[in-house]
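For reference, the structure discussed in these notes is given below.
The values are calculated or read from the model by the stated rules, or taken from the named source; none is laboratory data. No experiment lies behind these values; they were computed from the predicted model shown. Positions of Cβ are backbone-derived with ideal geometry, glycine not excepted, and every protein chain shown enters the neighbour counts. Protein only, heavy atoms only, side chains kept; ligands, DNA and RNA dropped before computing areas. Shrake-Rupley method; radii C 1.70, N 1.55, O 1.52, S 1.80 Å.
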Amino acid sequence: MLNWVHSNQNGDNQPFIPEPYNWKTYGDMNVELWKKHQSTSLEDAKSMLQNSHAEVIKLAETFLNEELFSKGVYKWVGGSTFGSYFVSVTASHYDWAMKKLKAHKKNCAAM
C-alpha cells in the first residue's frame with residue numbers, strides 16, 4: 001500500500017499488486033512472503049505489523065474524505081474508491097488473518 005501510493009503520487013505508475021504478480025496470482029506472492037519470513041521472530045513480526053499499520057493510518061489521514069471515498073479522484077486507483085484499498089489492507093486483512101489464526105488454533109487443539 002505504502003509503496004503503491006507513494007510511487008503513484010510521484011508519477012511512477014505502479015499497480016497495487018507488485019509485478020510479477022496480479023490479482024490472479026497474488027496467492028503466489030503470499031507464499032513468497034511466508035517463505036521470506038519463516039525466520040522472523042514473533043517479536044519482530046509484531047513490531048513490523050505495528051509499524052506498518054501506523055504508517056498506513058498516518059498516510060490515510062493525509063487525504064480528505066472526498067479523496068478517499070469518491071470514485072475517479074485518482075486515475076491509478078481504477079474503478080474503486082481509494083479508501084477501499086485502505087480498508088482492504090487494514091480491517092479486512094486483519095479480519096481474514098484472525099479467522100486463519102482461530103482455525104489454526106482449533107486444529108492444534110484437536111491434535
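Annotations for the structure displayed:
- Residue ranges of helices (runs of 4 or more DSSP H) in region 17-111 with at least 1 members touching a helix residue (DSSP H, G or I) at 6+ places or on another chain (Cβ under 6 Å) and hydrophobic (A, V, I, L, M, F, W, C): 42-60, 65-69, 82-87
- If you go through region 71-111 and keep only what is aromatic (Phe, Trp, Tyr) and more than 15 Å from the chain's Cα centre (by Cα), you end up with 74, 76.
- Among the residues of region 69-93, those that are open to solvent by 90 Å² or more (accessible area, probe 1.4 Å) and either charged (D, E, K, R) or on the phi > 0 side of the Ramachandran plot (or both) comprise 71, 75.
- Filtered residue count, region 69-86, keeping only those that are more than 15 Å from residue 9 (Cα to Cα), without any contact (Cβ under 8 Å) to a residue 24 or more places away in the chain and not small (Gly, Ala, Ser): 3
- From the list 52, 7, 41, the one residue that fits, being at pLDDT 95 or above and touching a Leu at 6+ places or on another chain (Cβ under 8 Å), is 52.
- Filtered by the rule that a residue be open to solvent by 100 Å² or more (accessible area, probe 1.4 Å), under 23 Å from residue 8 (Cβ atoms) and more than 18 Å from the chain's Cα centre (by Cα), region 35-68 gives 64, 65, 66.
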